[in-house]
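Inspection log for the structure reproduced underneath, given as structure tokens.
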Amino acid sequence: MSRIVLLCDSHIRAGEAGREAAARLALAAAAARRLAPDLIVHAGDLADDGAPESYAMARRALAGAAPLWILPGNHDERGALAAAFPEAVAAEAPPFLCGVRQAGRLRLVGLDTLAPGQVAGRLTPAQAQWLRARLAEMGDEPWVLIMHHPPCALGMPQLDRWPFEGADELLCALAAAPRPPLCILCAHAHGAHEIDWRGLRVSVSPPTGPLFAPEPGEPGLRRHMGAPMLRAIELTPEGLRLRAMPALGQG
């Protein structure tokens, strides 16, 4: 069996204001280690402000979480993230932090969807070309795509007003792959969502940070501080199994 654990949306900020977020990430990282995964993946928004000091705090919270792979989210800053985690960040399509990893039998393809200064995610033509090249190298092996931003609408107007840029290019690249991904794993929405996007399974993971829920009749989102969350993704003989779970207990 292949197993990865996905963390996301930690929003660490250096100083007293970030202590709770860092403690939540540390708790989730400890829970991830107990699952003995082939790989721990953080799918973006590790920091809230992209500052080096925030990544230093995040590094302390993630101590012992290995092997680790980090993809950027819209709150991250590529240079500071790569400097703080040189061993955990891929740079196979510079300046973008895209990459490919193997977890047991499961191949992981990670996209950097950060568009600096924007909330919305983006797939550039250069990244689409890189993705097509990597997929063309693959055989009939099982694989998943990981990206911070969902490439499709979630049915949440508060987030859907920032649509993903390059969705059609992404679909074209995926259609040319030897086999479709078992799942597109995403973050960003601070909640768990499952979407059928033109025949592709899109699964949005819950955060280590606060959960967001739509406020009926209101333009904003309700913030709820429950237990930090993580998601286990397992490739079994029966197929891909996804489990969202709270990080409980002590690290």
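Descriptive notes on the structure:
- Among the residues of the range 125-142, those identified as open to solvent by less than 30 Å² (accessible area, probe 1.4 Å) and in contact with a helix residue (DSSP H, G or I) (Cβ under 8 Å, 6 or more places away or on another chain) are ALA128, LEU131, LEU135.
- Lone unmet requirement of (1) buried (at least 21 other Cβ atoms within 10 Å of the Cβ); (2) touching a His at 6+ places or on another chain (Cβ under 8 Å); (3) part of a loop (DSSP other than H, G, I, E, B) for TRP69: (3)
- From the list ALA173, ALA227, the lone residue that is touching a residue at least 12 places away in the same chain (Cβ under 8 Å), assigned to a helix (DSSP H, G or I) and small (Gly, Ala, Ser) is ALA173.
- Residue count for the range 133-156, restricted to those that are touching a residue at least 24 places away in the same chain (Cβ under 8 Å) and more than 20 Å from the chain's Cα centre (by Cα): 5.
- Boolean, ALA17 is within 28 Å of GLN102 (Cβ to Cβ) and either of a type outside the set (D, E, K, R) or surrounded by fewer than 22 Cβ atoms within 10 Å (Cβ to Cβ) (or both): no
- All positions within the range 23-38 that are buried (at least 21 other Cβ atoms within 10 Å of the Cβ) and farther than 14 Å from GLY73 by Cβ: ARG24, ALA26, LEU27, ALA28, ALA29, ALA31, ALA32, PRO37
- Selection over the range 143-154 of residues that are in contact with a strand residue (DSSP E or B) (Cβ under 6 Å, 6 or more places away or on another chain) and either open to solvent by 10 Å² or more (accessible area, probe 1.4 Å) or acidic (Asp, Glu) (or both) gives a count of 3.
- Answer residue from the range 176-208, given it is open to solvent by less than 60 Å² (accessible area, probe 1.4 Å), of a type in the set (Gly, Ala, Ser) and out of contact with any strand residue (DSSP E or B) (no Cβ under 6 Å at 6 or more places or on another chain) and is nearest to GLY44 (Cα to Cα) among those: ALA187
Residues are listed down the side, and each one gets a yes or a no for (1) open to solvent by less than 40 Å² (accessible area, probe 1.4 Å); (2) without any contact (Cβ under 8 Å) to a residue 60 or more places away in the chain:
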position: ALA80; (1), (2): yes, yes
position: ALA84; (1), (2): yes, yes
position: VAL89; (1), (2): yes, yes
position: PRO95; (1), (2): no, yes
position: GLY104; (1), (2): no, no
position: LEU108; (1), (2): yes, no
position: LEU114; (1), (2): yes, no
position: ALA120; (1), (2): yes, yes
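The values are calculated or read from the model by the stated rules, or taken from the named source; none is laboratory data. Keep in mind that this is a model prediction, so the values were computed, not measured. In this analysis, Cβ positions are derived from the backbone assuming ideal geometry, glycine residues included, and neighbour counts consider all displayed protein chains. All accessible areas refer to the heavy atoms of the entire protein, side chains included, with ligands and DNA or RNA removed. Shrake-Rupley method; radii C 1.70, N 1.55, O 1.52, S 1.80 Å.
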